[in-house]
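**Q** Input: one structure, supplied below.
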Amino acid sequence: MKKLLLAFSLFLTTPAFAGEITHKIVDSVQLGVQGAAVQSTRLGGEYSVSGSNINVTTLGGVGTAGSYGINTNGATFTFSETSFTADTVVTTQTAASGTIATPNLYSDSTTQLGGSAGSLAGTLSATGVPTVTAGGPGTTATAQRTIELSVFK
């Protein structure tokens, strides 16, 4: 009876499964050099004149002054004339070798120099961690190594 019970119990057990075996190695190096940039806002023209006890002979305009006289000699007067000339519209911009040699600038401008690669470098190794070498200003370098070993998931 014991032998029959032992033989029957072998059919009821489930075998052990190892599941999924995974092995993963990922190496990466990312290098970047910042590009040159110009951001510029064009301002329009403006003309204004104001005053009291003033008469207008010729009204001025953007880029030109007017001619004015006093209404009552010997009386107090105030006068103000302001003129701002608009920026000339620029429709082309040239860049060569990653730099802007002569940027077109308007009244409100921000310029950013391009980076210099210098000695920027990165290497991958089949047996070790990736390495990076610092470059000049405006550069970035990132190295990564990921190792994953999973026997039972």
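The values are calculated or read from the model by the stated rules, or taken from the named source; none is laboratory data. If you're wondering where the values come from, they're calculated on a predicted model, not measured in any experiment. Cβ placement follows ideal geometry from the backbone for every residue including glycine, while neighbour counts extend to all protein chains displayed.
**Q** Do we have any residue at all in segment 142-151 that's of a type in the set (Gly, Ala, Ser) and under 29 Å from GLN30 (Cβ atoms)? So that I can check it myself, show each step before the final result.
**A** To start, the set of residues in segment 142-151 that are of a type in the set (Gly, Ala, Ser) comprises 143, 150.
Add one more test, that the residue is under 29 Å from GLN30 (Cβ atoms), and what stays is 143, 150.
Yes, because at least one residue in segment 142-151 is of a type in the set (Gly, Ala, Ser) and under 29 Å from GLN30 (Cβ atoms).
**Q** Separate question: If you scan segment 130-144, which residues turn out to be under 22 Å from SER97 (Cα atoms), touching a strand residue (DSSP E or B) at 6+ places or on another chain (Cβ under 8 Å) and exposed (fewer than 12 other Cβ atoms within 10 Å of the Cβ)? Walk me through it before giving the result.
**A** The initial filter retains those residues of segment 130-144 that are under 22 Å from SER97 (Cα atoms), namely 134-141.
Subsequent filtering for residues that are touching a strand residue (DSSP E or B) at 6+ places or on another chain (Cβ under 8 Å) retains 134-135, 138-141.
Hit for segment 130-144 is ALA134, nothing else.
**Q** Kindly list, by first and then second residue, each pair from a residue in segment 77-101 that is touching a residue at least 60 places away in the same chain (Cβ under 8 Å) to a residue that is surrounded by 14 or more Cβ atoms within 10 Å (Cβ to Cβ), limited to pairs with Cβ atoms under 7 Å and residues at least 6 apart or on different chains.
**A** GLY98/GLY35; GLY98/ALA36; GLY98/GLY114; THR99/ALA36; THR99/GLY114; ILE100/ALA36; ILE100/VAL38
**Q** Could you check how many residues of segment 28-56 are of a type in the set (D, E, K, R) and touching a strand residue (DSSP E or B) at 6+ places or on another chain (Cβ under 6 Å)? Step through it out loud before you land on a result.
**A** Start the filter on segment 28-56 by keeping residues that are of a type in the set (D, E, K, R), which leaves 42, 46.
Within this subset, residues satisfying the condition of being touching a strand residue (DSSP E or B) at 6+ places or on another chain (Cβ under 6 Å) are 46.
Residues in segment 28-56 being of a type in the set (D, E, K, R) and touching a strand residue (DSSP E or B) at 6+ places or on another chain (Cβ under 6 Å): 1 in total.
**Q** Would you confirm, using the coordinates I've provided, whether THR102 is under 30 Å from GLY138 (Cα atoms), at pLDDT below 80, outside any strand (DSSP E or B) and out of contact with any Asp or Glu (no Cβ under 8 Å at 6 or more places or on another chain)?
**A** Details: under 30 Å from GLY138 (Cα atoms): yes; at pLDDT below 80: yes; outside any strand (DSSP E or B): yes; out of contact with any Asp or Glu (no Cβ under 8 Å at 6 or more places or on another chain): yes.
So THR102 fits the description; yes.
**Q** Only one of GLY135, GLY128 is modelled with pLDDT of 85 or more and closer than 25 Å to GLN30 by Cα. Can you tell me which? Outline the logic, then answer.
**A** Working: GLY128 fails: modelled with pLDDT of 85 or more.
GLY135 is the lone residue from the list that is modelled with pLDDT of 85 or more and closer than 25 Å to GLN30 by Cα.
**Q** Right, here's the next one. Within segment 32-44, identify whether any single residue is surrounded by 12 or more Cβ atoms within 10 Å (Cβ to Cβ) and closer than 30 Å to ILE147 by Cα, and answer yes or no.
**A** Checked against the condition, which is being surrounded by 12 or more Cβ atoms within 10 Å (Cβ to Cβ) and closer than 30 Å to ILE147 by Cα, segment 32-44 yields at least one hit.
**Q** May I pose another question? Suppose we filter segment 57-111 for residues that are among the charged types (D, E, K, R) and out of contact with any strand residue (DSSP E or B) (no Cβ under 8 Å at 6 or more places or on another chain); how many remain?
**A** 1
**Q** Now for a separate question. Can you tell which of GLU148, GLU81 is more than 30 Å from SER48 (Cβ to Cβ) and among the acidic types (Asp, Glu)? Show your work before the answer.
**A** Details: GLU81 fails: more than 30 Å from SER48 (Cβ to Cβ).
Within the list GLU148, GLU81, the selection yields GLU148.
Quick grid of which residues meet (1) farther than 30 Å from GLN39 by Cβ; (2) exposed (fewer than 11 other Cβ atoms within 10 Å of the Cβ); (3) in contact with a helix residue (DSSP H, G or I) (Cβ under 8 Å, 6 or more places away or on another chain):
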site: SER80; (1), (2), (3): yes, yes, no
site: PHE84; (1), (2), (3): no, no, no
site: VAL90; (1), (2), (3): no, no, no
site: GLY122; (1), (2), (3): yes, no, no
site: GLY128; (1), (2), (3): yes, yes, no
site: THR146; (1), (2), (3): yes, yes, no
